[in-house]
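What follows draws every value from the coordinates through simple rules; no lab data is involved. Here the structure is a predicted model, which is why all the values come from computation and not from measurement. FYI the Cβ positions are ideal-geometry reconstructions off the backbone, even for glycines, and counts take in every protein chain you see.
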Amino acid sequence: MRSVFGRTLHDQWKWLIGWAIFAAVWPAMYVGLYPSIGGFEDLDQLLDQLPPAIREFFASSSLDISSPEGFLNLEFFSFVGPLLILAFTVVVGGSATAGELERGTLDLLLANPIPRWRIVVDKGAALLVGAVVIGLAMWIGAAAGAAVAGVDLDLGSVGQALVSTLLLGLALGAFALAAGSLTGQRWLSAGLALAVGIAGFFLNGLGALVDWLEPFRPLSPFYHYIANDPLRNGLDPGSATVLVGWAVVGFLVAVVAFERRDLRM
């Protein structure tokens with residue numbers, strides 16, 4: 001291949017396409033199920049009786065399945081959507097450089113006249129492209145499900161919510177990329193990023209229940225992912241900026257760490 005970016009995409013394209021198709025099935029399924037579930041008034045009343053703080057564990061503080069957007073918020077964007085993105089970005093980010101080192105292919109890669117920083121840049125670019133492909137696939141899945149089921153779904157709002165999901169995935173994916181450059185161990189790096197994501201999920205939810213945790217909620221990436229309820233209210237520029245900032249910082253740490261790391265080859 002003519003570049004690290006091209007080789008990386010070439011190496012992972014089968015897995016990427018397979019995961020994108022798998023990810024697209026979920027929103028299509030939930031949107032397709034809405035006509036048979038959305039009309040259950042008893043379920044809607046049950047959700048209304050939940051304490052407001054409990055609702056913070058979901059992608060909306062107002063659980064309302066009387067609309068397809070509310071149902072998609074509850075069933076998809078609260079947990080499944082972020083998980084589908086994170087499963088890709090965290091694994092790919094963690095193995096971007098550490099995977100090459102563990103497989104013994106990094107020495108062959110560095111034998112080419114390529115600066116170290118360029119390797120991290122190209123790997124990061126491939127991670128970004130893969131995340132966008134998966135996000136686009138999920139949007140297509142939601143659109144296809146709405147068309148087949150005859151559901152009036154605001155696809156523009158779905159797109160903004162998916163952008164927020166992508167930014168969450170890229171923020172934690174960049175953390176995994178930085179951890180991989182620092183430790184040289186792909187599964188440790190992916191595990192650390194996943195642990196940060198899980199801790200952030202519970203910090204955001206429990207912060208609404210426990211008073212002393214409330215001030216720390218903005219430290220959670222999940223808080224910035226769902227704070228403005230992007231499916232209902234649109235993408236919040238402030239929260240999006242925070243997630244982009246975290247992704248940029250993680251990427252820069254990865255570049256510096258990989259430049260300075262003793263690869264022991």
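Points to keep in mind about this one:
- The listed peptides 69-75, 215-221, ordered by packing as a protection proxy, come out as 69-75, 215-221 (highest mean of other Cβ atoms within 10 Å first).
- A simple charge model with +1 on the Cβ of Lys and Arg, -1 on the Cβ of Asp and Glu and nothing else charged puts the dipole of the chain at about 1520 debye relative to its Cα centre.
- For the chain, built as a Gaussian network whose Cα springs stay under 10 Å, the top-fluctuating residue of Ile134, Ile85, Ile114: Ile114
- For the chain, the relative contact order is 26 percent, taking Cα pairs closer than 8 Å that sit 6 or more residues apart in sequence and dividing their mean separation by the residue count.
- Residue-count net charge about Val120 - beta-carbon cut-off 15 Å; Lys, Arg +1, Asp, Glu -1: +4
- Counting Lys and Arg as +1 and Asp and Glu as -1 over every other residue whose Cβ lies under 12 Å from the Cβ of Val255, the net charge comes to +3.
- Principal axis dimensions, the chain - Cα atoms, whole angstrom, descending: 65, 46, 27
- Descending semi-axes in Å of region 55-173, equivalent ellipsoid built from Cα gyration tensor: 37, 14, 10
- Projecting the Cα atoms of Ile85, Tyr223, Ser3 onto the charge dipole of the chain (Cβ charges, centred on the Cα centre) puts Ser3 farthest toward the positive pole.
- In the chain, taking the dipole from charged Cβ atoms about the Cα centre, the farthest positive-side position among Ile119, Leu209, Tyr34 is held by Ile119.
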